[in-house]
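Visitor: Structure provided below as structure tokens; questions to follow.
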Amino acid sequence: MELRHLRYFVAVAEELSFTRAAERLRTAQPSLSQQIRDLEEQVGTLLLARTRRKVELTEAGQVFLTEARLTLAQADRALVRARQVGRKDTSTITIGFVPAAEVRIFPSILPRLRMRLPELSVELRSIPTFEQEQKLLDHEIDIAFLRKPIRSPEVVSEVVLRESLVAVLPVGHPLAQYEEIDPLQLDDAAFIQPHPLYSGDLHNVVESYFAQHGVRPSVTQVATNTLLYLNLIGMKLGIGILPAYAASLTNPAICTRPLAAPAPEIELLMAWRSGDQSPQLGVLRELVAQHAAGEKRRTKEA
């Protein structure tokens, strides 16, 4: 069985006419009829019920049509991906990222990258953590800025940012009057929970923090992204805990307060495919490593 058999069958099944299908495929009707007979012989059952007046799908044909469409779609996708990889311009880097990188890494790194490699084209793609590892392996992105966990041994990573978590509150909330928030003050508070799938290890870090201090907040909403998280807090549906970068995203309806020391921390990782020797990628990784070292030094000095 070849893909052309599937394409011929799908055309006849959609047109319910050998004449119209032949015109659509730009082939002779007798040849098309023979291809369908060959296909049915290979499948071992009739897929089309034919009379002089009409063509109909048999029950087996209806099932086969669904599967044939899926097979053809996957084949087309494989063709497109292979062409994309084969034609990929070595002067292009595609970066997947979560908001922390957009706020804390890119403003410093991307201008320096442009100075070092003025001909380099950079494509930025905002992608949830849980999708980035597979997109790296599928060569859809070249480098990722994401949260833990990373599971594949084919992906190499390093920590490029550590941030304390902060409490995020609606302006006017009773806790907003405090300079810092003790964890026990969060007990039974209306809480916006980060979605465990979309937030990487943020969900686990927050849950561990609550368990460590015996805190049981009242979860009112679950947010799948940072913007939704902040909007829900701004609508006074609850309070939240986010990495410190969120302070730069707040609006007049929201404020942040540090958590009492020792506040929990969360890491941002930079990840790439093992063995990727792209010189452009090497320059980017070098600049990010320099930035991370500078941030670490400034944190110690503070």
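The values are calculated or read from the model by the stated rules, or taken from the named source; none is laboratory data. Since the structure is predicted, the reported quantities are computational estimates derived from the model, not experimental observations. Backbone-built Cβ (ideal geometry, glycine too); neighbour counts: all protein chains shown. Note: accessible area is taken over every heavy atom of the protein model, side chains too, but ligands, DNA and RNA are not part of it. Shrake-Rupley method; radii C 1.70, N 1.55, O 1.52, S 1.80 Å.
Visitor: Given [x] 22.5; [y] 23.5; [z] 18.7, which label gives Kirkwood radius over Cα pairs in Å as computed from the coordinates?
Guide: Correct label, based on the coordinates given: [y].
Visitor: Which one, 58, 228, 268, projects farthest toward the positive side of the charge dipole computed for the chain from Cβ point charges (K/R +1, D/E -1)?
Guide: After comparing all options, I get 58.
Visitor: Can you figure out the FRET efficiency of residue 51 with residue 74, using R₀ = 35 Å and their beta-carbon distance, to the nearest 0.05?
Guide: Once the sixth-power term is evaluated, E becomes 0.55.
Visitor: Here's a follow-up. Can you tell me the dipole magnitude for the chain around its Cα centre, using point charges on the Cβ only (Lys, Arg +1; Asp, Glu -1), in Debye to the nearest 20?
Guide: Charge dipole, the chain, about its Cα centre: 960 debye, nearest 20.
Visitor: At most 15 other C-beta atoms within 10 Å and a DSSP loop state: those are the exposed GluC sites (Glu not before Pro) I care about. Give me the longest piece of the chain that has none.
Guide: 181-302
Visitor: Using the crude model of +1 on Lys and Arg Cβ and -1 on Asp and Glu Cβ, and no other charge, please compute the dipole size for segment 1-80 relative to its Cα centre, in debye to 20.
Guide: Around 340 debye, computed over segment 1-80.
Visitor: Could you report the chain's accessible area per residue, 1.4 Å probe, as an integer in Å²? Display every interim value, and only then the final one.
Guide: On the way: 16590 Å² over 302 residues.
Ligands and nucleic acids excluded, the figure is 55 Å² per residue.
Visitor: Where in the chain is the longest stretch that carries no trypsin sites (Lys or Arg not before Pro) classed as loop by DSSP and with at most 11 other Cβ atoms within 10 Å?
Guide: Longest gap between qualifying sites, sites excluded: 152-302.
Visitor: Looking at 178, 43, 8, which one has the Cα that reaches farthest to the positive end of the dipole of the chain (charges on Cβ: Lys, Arg +1; Asp, Glu -1)?
Guide: The Cα lying farthest towards the positive end belongs to 8.
Visitor: Working out 0.36 nm times the residue gap between residue 24 and residue 188, then minus their Cα-Cα distance, what length gain in nm do you get to one decimal?
Guide: Separation in residues times 0.36 nm, less the Cα-Cα distance, equals 52.5 nm.
Visitor: Now a separate question. Report, in deg cm²/dmol and to the nearest 500, the calculated mean residue ellipticity at 222 nm for the chain, where each DSSP H run with n ≥ 4 adds -39500 (n - 2.57) and the sum is divided by the residue count.
Guide: It lands at -14500 deg cm²/dmol.
Visitor: May I pose another question? With charges only on Cβ, +1 for K and R and -1 for D and E, what is the dipole size of segment 179-270 about its Cα centre, in debye, rounded to 20? Write out the running numbers ahead of the final one.
Guide: Details: 3 positive and 9 negative charges, 67 e Å.
Computed charge dipole of segment 179-270: roughly 320 debye.
Visitor: Which three extents, in whole angstrom, do the alpha-carbon atoms of segment 8-139 cover along their principal axes, largest first?
Guide: 72, 29, 23 Å, listed from the longest principal axis down.
Visitor: Subtracting the Cα-Cα distance from 0.36 nm times the residue separation, let me have the gained length for residue 115 to residue 296 in nm, one decimal.
Guide: Gain on stretching residue 115 to residue 296: 62.8 nm.
Visitor: Which FRET efficiency value, to the nearest 0.05, do you get for residue 82 and residue 220 by plugging their Cβ-Cβ distance into 1/(1 + (r/R0)^6) with R0 = 51 Å?
Guide: According to the calculation, E is roughly 0.60.
Visitor: By how many nm would the segment from residue 197 to residue 248 grow when fully extended, if each residue of separation counts as 0.36 nm and the alpha-carbon distance is taken off?
Guide: 16.0 nm
Visitor: Separate question: Which helices count as membrane-span-like in the chain under these terms: full DSSP H, at least 20 Å along the axis by C-alpha, Kyte-Doolittle mean of 0.5 or more? It would help to have the intermediate numbers written out before the result.
Guide: Working: long enough: 29-43 (21 Å, -1.06); 59-87 (43 Å, -0.15); 279-301 (33 Å, -0.87).
Sorted by number, there is nothing, because no helix extends far enough and scores high enough.
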